[in-house]
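The values are calculated or read from the model by the stated rules, or taken from the named source; none is laboratory data. Since we're looking at a predicted model, the values are computed, not measured. For neighbour counting, all protein chains shown are included, and Cβ atoms are generated from backbone atoms with ideal geometry for every residue, glycine included. Heads up: the accessible areas ignore ligands, DNA and RNA and are worked out on the full protein's heavy atoms, side chains in. Shrake-Rupley method; radii C 1.70, N 1.55, O 1.52, S 1.80 Å.
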Amino acid sequence: MRDDVKQAGSCRSAARRAVVVLCAGAIGATTPLAAQQYPVKPIRLIVPSTPGGSVDTLARTIGPRLTERWGQQVVVDNRAGAGGTIAAEVTAKSPPDGYVLMLGTIASLCTNVSLHKKLPYDPVRDFAPVSLVATQNLMLLVHPSVPAKSVKELTRFAKSQPGKLSYGSAGSGTGSHLSGELFKQLAGVDILHIPYKGVAPGLVDLISGQISINFPSILSALPHVRSGRARALAVTGATRTRAAPELPTMQEAGVKDYESMTWYGIVAPAGTPAEIVTKLSAETAAIMKHPDTSERLSKEGADPVGSSPQEFGRYMQREIEKWRKVIRTAGIEAS
């Protein structure tokens, strides 16, 4: 009788173990299946700006094409404020299921971590990189009264008059500010930084001769260059841009290792299944290679990229380290 009881107990234990194994197998099988079926509901694409800016335009270029490919609505959700911190925090705290994404910028995904003493998120720890989407060169402009028609001539002139030339930016810690500081550090020049509240006021003072140098976006700069009110010397990226192919890069113009671009990339909350991240990355890269996308971005002064999650992750790490050194050397803090 006791043997029968023991045998029955063993059978029940074996049955329970079998059920556990089957359940575990079923749970493990759901992730690839979910990735294959993804997406099954609308996707929210968070943008760290108000409607109408460069990053918003980019989001509204990508969103409809993803909608066409997947049959699920991609809703652009504008969360402006605090230099992208608000949008990034919302994204980082969202469920990691692929239905909340962010089209981040160099500020929200790179420089903020060095500019702010207390940031409510970590760009490396709290996000899963999806794809580097596009880059945008800035342009080195000088007032026509500056006796320099090349970057080498500007460098020589600035060194001959330390502290007398000034450059404007859109504010402390912005891309134009960091571009100017990188120029100072790599070229070894002493020029005075004048921060403005936005791009437009700085351009007005450049055109009027109140300041000597500025680093605006290509889109903002080109009308003034074409009218002769400002002189363009170079673009700030590692490669020339299609928006102004005649202009050399800062490296080509003689400033070794110089590279400063505005860039945009899609991230998901950390923990998003790798299969979903890979699927998102492949679709985004395909969209960025489409001729219509390329043509539309060229009008905004941007260059499409499209990358793997691994490539974007490595790019973010390099950018964070590079700008951390620039920011610390210059003693910059966000305004």
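List of remarks:
- Enumeration of residues in the stretch 284-317 that are among the basic types (Lys, Arg) and within 26 Å of Thr57 (Cβ to Cβ): Lys289, Arg296, Lys299
- Residue within the stretch 38-50 that is touching a helix residue (DSSP H, G or I) at 6+ places or on another chain (Cβ under 8 Å), surrounded by 15 or more Cβ atoms within 10 Å (Cβ to Cβ), among the small types (Gly, Ala, Ser) and at pLDDT 85 or above present: yes
- Taken over the stretch 308-330, the criterion of being within 26 Å of Pro216 (Cβ to Cβ), surrounded by 14 or more Cβ atoms within 10 Å (Cβ to Cβ) and not aromatic (Phe, Trp, Tyr) is satisfied by Met316, Glu319, Ile320, Lys322, Arg324, Val326, Ile327, Ala330.
- Of all the residues in the stretch 58-74, those that are free of Cβ contacts under 8 Å to residues at least 60 places away in the same chain, open to solvent by less than 20 Å² (accessible area, probe 1.4 Å) and over 14 Å from the mean Cα position of the chain (by Cα) number 2.
- Qualifying residue in the stretch 193-213 (condition: closer than 28 Å to Thr284 by Cβ, modelled with pLDDT of 95 or more, of a type outside the set (Val, Ile, Thr) and within 28 Å of the chain's Cα centre (by Cα)): no
- Any hit, the stretch 28-36, residues being within 27 Å of the chain's Cα centre (by Cα), modelled with pLDDT under 95, closer than 30 Å to Ser294 by Cβ and surrounded by 12 or more Cβ atoms within 10 Å (Cβ to Cβ): yes
- Close pairs from the stretch 75-92: first outside any helix (DSSP H, G or I), partner of a type in the set (Val, Ile, Thr) and open to solvent by less than 50 Å² (accessible area, probe 1.4 Å), Cβ under 6 Å, at least 6 apart: Val76/Val47; Asp77/Ile46; Asn78/Val47; Arg79/Ile46; Arg79/Val90
- Residues in the stretch 171-202 that are in contact with a Leu (Cβ under 8 Å, 6 or more places away or on another chain) and within 29 Å of Ser298 (Cα to Cα): Gly173, Gly175, Ser176, Ser179, Phe183.
Listed here are the residues, each with its yes/no results for (1) of a type in the set (D, E, K, R); (2) touching a strand residue (DSSP E or B) at 6+ places or on another chain (Cβ under 8 Å); (3) under 26 Å from Gly180 (Cα atoms).
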site: Tyr258; (1), (2), (3): no, yes, yes
site: Ala268; (1), (2), (3): no, yes, no
site: Gly271; (1), (2), (3): no, yes, no
site: Val277; (1), (2), (3): no, yes, no
site: His290; (1), (2), (3): no, no, no
site: Glu300; (1), (2), (3): yes, yes, yes
site: Gly306; (1), (2), (3): no, yes, no
site: Arg328; (1), (2), (3): yes, no, yes
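- When Val55, Val100 are screened for being over 26 Å from Gly171 (Cβ atoms), of a type in the set (A, V, I, L, M), crowded, with 19+ Cβ neighbours inside 10 Å and at pLDDT 90 or above, only Val100 passes.
- One residue alone among Thr284, Thr272, Thr278 is open to solvent by 10 Å² or more (accessible area, probe 1.4 Å), β-branched (Val, Ile, Thr) and not in a loop (DSSP other than H, G, I, E, B), and that residue is Thr278.
- Top-ranked residue in the stretch 226-247 [being surrounded by fewer than 17 Cβ atoms within 10 Å (Cβ to Cβ) and under 27 Å from the mean Cα position of the chain (by Cα); ranked as nearest to Ser176 (Cα to Cα)]: Ala238
- Whichever residue in the stretch 230-277 is of a type in the set (Ser, Thr, Tyr) and touching a Ser or Thr at 6+ places or on another chain (Cβ under 8 Å) and, among such residues, is farthest from Phe127 (Cα to Cα): Thr249
- Looking only at the stretch 254-292, residues that are in contact with a helix residue (DSSP H, G or I) (Cβ under 6 Å, 6 or more places away or on another chain), β-branched (Val, Ile, Thr) and farther than 28 Å from Ser169 by Cα come to 3 in all.
- Members of the stretch 120-138 found to be of a type in the set (A, V, I, L, M) and out of contact with any Ser or Thr (no Cβ under 7 Å at 6 or more places or on another chain), listed by number: Val124, Ala134
- When Thr236 is tested against the conditions (1) out of contact with any Pro (no Cβ under 6 Å at 6 or more places or on another chain); (2) at pLDDT below 95, the lone failure is (2).
Residue-by-condition table, conditions (1) in contact with a His (Cβ under 6 Å, 6 or more places away or on another chain); (2) touching a residue at least 60 places away in the same chain (Cβ under 8 Å); (3) over 29 Å from Gly104 (Cα atoms):
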| position | (1), (2), (3) |
| --- | --- |
| Pro201 | no, no, no |
| Asn214 | no, yes, no |
| Ile218 | no, yes, no |
| Ala221 | no, yes, no |
| Gly228 | no, yes, yes |
| Ala243 | no, yes, no |
| Met250 | no, yes, no |
| Tyr258 | no, yes, no |
| Thr272 | no, yes, no |
